[in-house]
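S.K.: The structure under discussion is supplied below as structure tokens; questions concerning it will follow.
The values are calculated or read from the model by the stated rules, or taken from the named source; none is laboratory data. Owing to the predicted nature of the structure, the values given are computational and were not obtained by experimental measurement. Note that we place each Cβ from the backbone using ideal geometry, even for glycine, and neighbour counts take in every protein chain shown.
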Amino acid sequence: MFDIFDCHCDTLTKAMWENKNLYKNDLHLDIERLKKFKRAVQIFAVWLDMPYLDKAYENTVRAIDFFEKQLIDHSEYITSDISDEGKVRAILSVEGGEALEGDMDKLYCLGERRVRLMTLTWNNENEIGYGAVSGIDKGLKDFGKAVIREMNDMDMLIDVSHLNDRGFWDVYNISQKPFIATHSNSRALCGHCRNLTDDQLRAMAETGGMVGINLYPPFVDGERGSLDNIIRHIDHIMGIMGENNIALGCDYDGISVCPENMGDVSKLYILYNRIEEVWGRGIADNIFYNNMIGFFKW
């Protein structure tokens with residue numbers, strides 16, 4: 001079996017709202033399935049659907065409390081210590097700066113609660129900026145620019161997935177540290193606004209950033225999300241960024257439909273085997289684990 005480091009899933013909040021647990025469930029992903037990999041690191045995002053945004057910070061804290069209880073309840077198998085390779089390592093992120101409610105003190109509080117990444121926006125406008133599907137062609141707000149600087153100082157990773165183009169370029173110009181698109185693909189191959197342009201990919205490569213390949217079919221090919229087309233995205237992004245700046249960002253439990261034959265995390269061997277077949281085991285291991293474990297420790 002191989003190693004895995006996946007940059008994004010929405011299993012945490014989905015399990016919480018459905019009264020399930022992270023160790024074993026009927027969702028796309030759980031710890032029981034992750035621990036079958038040789039080594040596994042999973043970034044769990046706190047994502048809030050629209051009905052929960054009127055109390056965004058309160059509901060984010062509720063999800064963090066749930067996350068920490070899962071770590072305690074299943075401590076034999078799960079840890080937040082990234083150096084403990086004997087267990088599944090669970091890393092916490094927040095998907096959507098709505099959680100800050102325009103208050104910088106809440107960013108500091110999230111950092112104290114072991115949030116290691118934040119996706120600046122989801123699809124809509126918030127106090128930081130504008131989502132890619134908002135249709136608004138504006139950059140980061142003043143609060144958002146201040147958030148970038150504070151996240152740099154806190155060593156909290158900036159995630160530009162979901163951010164609109166103008167906002168992306170503001171991050172590029174302001175951030176003094178590498179940033180990540182945890183679950184985005186190539187817009188040249190699939191024209192969805194959630195994907196990254198070649199210029200954006202080049203800019204991220206220049207700064208030492210990372211892109212996690214998203215398995216959601218509408219971001220792969222607009223159809224079935226075929227394995228061949230996922231491979232095309234990997235090939236295109238590696239052609240621009242190089243083989244060391246690409247990882248997995250499967251988006252399990254955040255997607256309404258999965259690519260053919262990869263309906264949950266246990267089926268990722270299909271993708272690993274195809275990457276190994278095309279480029280060899282070294283690149284397969286880099287994409288699935290090595291690149292991200294090196295990046296996360298910068």
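S.K.: Taking the range 272-298 on its own, how many of its residues are exposed (fewer than 13 other Cβ atoms within 10 Å of the Cβ) and closer than 17 Å to PRO178 by Cβ?
M.R.: 2
S.K.: Determine the pairs where a residue that is closer than 22 Å to GLU32 by Cα and of a type in the set (Phe, Trp, Tyr), located within the range 255-283, has a partner that is modelled with pLDDT of 95 or more and surrounded by fewer than 19 Cβ atoms within 10 Å (Cβ to Cβ) with Cβ atoms under 8 Å apart, the partner being 6 or more residues away or on another chain.
M.R.: Here the result reads TYR269/PHE2; TYR272/PHE2, each pair linking the range 255-283 to a residue that is modelled with pLDDT of 95 or more and surrounded by fewer than 19 Cβ atoms within 10 Å (Cβ to Cβ).
S.K.: Kindly indicate the residue of the range 111-138 that is in contact with a strand residue (DSSP E or B) (Cβ under 6 Å, 6 or more places away or on another chain) and either of a type in the set (Gly, Ala, Ser) or not in a loop (DSSP other than H, G, I, E, B) (or both) and also farthest from ILE64 (Cα to Cα) among those meeting that condition.
M.R.: Looking at the filtered set, the residue picked out is THR119.
S.K.: Still on this structure, I have one more. Looking at the range 139-188 only, could you name the residues that are part of a loop (DSSP other than H, G, I, E, B), surrounded by 18 or more Cβ atoms within 10 Å (Cβ to Cβ) and touching a residue at least 40 places away in the same chain (Cβ under 8 Å)?
M.R.: Answer for the range 139-188, where residues must be part of a loop (DSSP other than H, G, I, E, B), surrounded by 18 or more Cβ atoms within 10 Å (Cβ to Cβ) and touching a residue at least 40 places away in the same chain (Cβ under 8 Å): MET156, VAL160, SER161, HIS162, ASN164, THR182, HIS183, SER184, ASN185.
S.K.: Just checking, which of ALA45, ALA63, ALA15 is modelled with pLDDT of 95 or more, among the small types (Gly, Ala, Ser), outside any helix (DSSP H, G or I) and within 27 Å of LEU268 (Cα to Cα)?
M.R.: Working: ALA63 fails: outside any helix (DSSP H, G or I); ALA15 fails: outside any helix (DSSP H, G or I).
The unique qualifying residue is ALA45.
S.K.: Can LEU268 be described as in contact with a strand residue (DSSP E or B) (Cβ under 9 Å, 6 or more places away or on another chain), over 19 Å from VAL160 (Cα atoms) and either surrounded by 17 or more Cβ atoms within 10 Å (Cβ to Cβ) or not polar (S, T, N, Q) (or both)?
M.R.: For LEU268, the condition - in contact with a strand residue (DSSP E or B) (Cβ under 9 Å, 6 or more places away or on another chain), over 19 Å from VAL160 (Cα atoms) and either surrounded by 17 or more Cβ atoms within 10 Å (Cβ to Cβ) or not polar (S, T, N, Q) (or both) - is met.
Residue by residue, here is whether (1) over 21 Å from LEU27 (Cα atoms); (2) modelled with pLDDT under 95; (3) among the hydrophobic types (A, V, I, L, M, F, W, C) holds:
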residue: HIS192; (1), (2), (3): yes, no, no
residue: ASP199; (1), (2), (3): yes, no, no
residue: ALA205; (1), (2), (3): yes, no, yes
residue: ILE255; (1), (2), (3): no, no, yes
residue: TRP279; (1), (2), (3): yes, no, yes
residue: ASN286; (1), (2), (3): yes, no, no
residue: PHE296; (1), (2), (3): yes, yes, yes
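S.K.: Quick check on the range 24-76: of everything there that is in contact with a helix residue (DSSP H, G or I) (Cβ under 7 Å, 6 or more places away or on another chain) and among the polar types (S, T, N, Q), which residue is surrounded by the fewest Cβ atoms within 10 Å (Cβ to Cβ)?
M.R.: Filtering first and then ranking leaves ASN25.
Table: residues versus (1) charged (D, E, K, R); (2) over 30 Å from ASN245 (Cβ atoms).
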position: PHE5; (1), (2): no, no
position: CYS9; (1), (2): no, no
position: LYS20; (1), (2): yes, yes
position: LYS24; (1), (2): yes, yes
position: HIS28; (1), (2): no, no
position: ARG33; (1), (2): yes, no
position: ARG39; (1), (2): yes, no
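S.K.: ILE82 is checked against (1) over 22 Å from VAL257 (Cα atoms); (2) outside any strand (DSSP E or B); (3) free of Cβ contacts under 8 Å to residues at least 60 places away in the same chain and fails just one. What number does that condition carry?
M.R.: The failed condition is (3).
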